Each structure stands twice: as structure tokens, then as C-alpha cells.
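S.K.: Questions regarding the structure given below will be posed in turn.
The values are calculated or read from the model by the stated rules, or taken from the named source; none is laboratory data. Remember, it's a predicted structure, so these values are computed and weren't measured experimentally. All Cβ positions, even for glycine, are placed from backbone atoms using ideal geometry, and neighbour counts span all protein chains on display. Just the protein is used for accessible areas: all its heavy atoms, side chains included, with ligands, DNA and RNA removed. Shrake-Rupley method; radii C 1.70, N 1.55, O 1.52, S 1.80 Å.
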Amino acid sequence: MKHVWNSPRARHREMRAFALCLALCLALFAAWPTLDLNLSRALYAGQFIHADRAWVRALYEAVPWLTRGLALYLLLRLLAGRWRLSRPVWRRLWVSLLLLVLVVGALVHGPVKQFWSRPRPVQVLEFGGSEAYSPPLAPAGLNPERKRYSFVSGHAASGFALLAPALFAAPARRRWWGRAALGLGLLIGLGRILQGGHFLSDVLFAGLLVWGSALLIRQLWLLGGLRRVRAPGPRAWIQSLKKKAV
């Protein structure tokens, strides 16, 4: 029996939804490149007035540690419970780990941030900084002098990564995980906007990057490229040792 997550119609529907959201965001910031500035300006009065709220600070401090802890937990769970995990559980753990490590850890904090080299709100002239504002759709290229980058938000991407369990879930569970990922990513992103650490576009495009990467990972999995990664279990090892002994 074909799993509901493997339905071509459902996958195509999700891809169309992603393409539509991406097109809308691109059109919005192309038509209104100063939207980020206008929103952040409303939160600024000599300083970002909500930056020191307890929940904002708590989210900022906790998210990186929770993300690292979750990645370590997923890795240890896969290594320790390889032969005791059901196929669906093993699949969700693997995809969640790939999304956290390859997308949030490597892609977001590597080539994306460095290529865009976008200054954060607190670094631009309008908010007491020394750098010119850079629109979200105009990457500035590599800038080795800048150590802190705004586009896209790594914190928000960690929240949006909760989308991973939805990739191979039934429709009802997929919607639940999708809403949870959207809510958590936007909440964390809101905290970073209130701090002056990110613009609105940094948060929205972080969600789109995670979503698009998740769909790509699932597509590669279904094509067979990733599901062959699974290491052989104890029974397979015993059989291989017997063959060698013969």
C-alpha cells in the first residue's frame, strides 16, 4: 500500500504552495524594498525598545543550545537504537538530522550568509550603526571584514526546521507539524526583529529556505539517493562475518 506522503498529487501540491509563497515574497520585497526599514523603524526609539524583554532574551540565548542539543540527540538516537527503530521513526530522525546539520548548520550559516553579507539592523545608519542598508534581494557579495550577517536568520531557521517530521507524515500530522514549525519559526524570528538582530525578510526567507530544502531532501529520498544511506543492522553484520569465515 502506498503511503500518503508518497502520493505524487500531495507532493506536487506542496511544491506549488512553496513556489507560490516564494513568488509572493520575491514580489513583495521587489516592489517594496524598504519594507524592512519601515517595520524596524517602528520598533526603534534611540534603541530597539523591546530588545531586553525577558522572553526575547530567553529565546535568543536558548535556541542555539537547543538546536545543538537536538542534533546531538538525533545522532545518538540513530547510533544507539539503529536496530530497534521502526522504519518510519528511523526515517524521520535521519531527515530531521539532515535538515538541522546540512541546512541550518552548514547552508544558512555558511554560503548564504556570507554571499549576501547583509548588515543587521543594529549595524545600519538608520539605527545608530555605520553601514548602509542593503535590500534583501540585492546580495552584497563576500565581505571578509564583516563577521555578523543578517540574511537569513539562523535562529528562525532552527524553529522552521521543526518541519522535518512533517515530510513523511500522514496529512493530518503533516499539517500539525507544519503549523508548529511555522509558529515556532515566526515567534523566534519576531524576537530577533525586536532585538534589532534581523529584518522581517531575513525571517521569511529563512522559512522559505528551510521549506525548499526539506522538499528537496524528501524528493532525493524518494528517488532512492538518500535512503540507501542506512547502515546494515546486526543481522547483516553477522551474515557478512559468516560469509568471510567460509
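S.K.: What order do you get for 180-186, 31-37, 198-204, 155-161 when each peptide is scored by the mean count of other beta carbon atoms within 10 Å, highest first? Write down the numbers at each step before the final one.
M.R.: Details: 180-186: 18.3, 31-37: 15.1, 198-204: 25.4, 155-161: 28.4.
Put in order of decreasing packing, that is 155-161, 198-204, 180-186, 31-37.
S.K.: Heavy atoms only, 1.4 Å probe, whole protein assembly: order Arg179, Arg87 by accessible area, highest first.
M.R.: Greatest to least solvent exposure: Arg179, Arg87.
S.K.: Next question. Please give the net charge around Ala156, taking every other residue with its beta carbon less than 11 angstrom from that of Ala156, where Lys and Arg add +1 and Asp and Glu add -1. Don't skip to the end; give the middle numbers.
M.R.: Values: positive: Arg192; negative: Asp202.
Computed value for this residue: 0.
S.K.: Take the Cβ-Cβ distance between Leu125 and Ala62 as r, set R0 to 45 Å, and report the resulting FRET efficiency rounded to the nearest 0.05. Don't skip to the answer; put the middle values down first.
M.R.: On the way: r = 31 Å, r/R0 = 0.70.
The computed FRET efficiency comes out at 0.90.
S.K.: Mean separation of Cα pairs under 8 Å and 6+ residues apart, divided by the residue count of segment 1-139: what relative contact order is that in percent? Walk me through the numbers before you get to the answer.
M.R.: Details: 60 pairs, mean separation 32.7, N = 139.
RCO, segment 1-139: 24 percent.
S.K.: Grab the Cα-Cα distance for Arg53 and Val101, subtract it from 0.36 nm times how many residues apart they are, and report the gain in nm with one decimal.
M.R.: 14.3 nm
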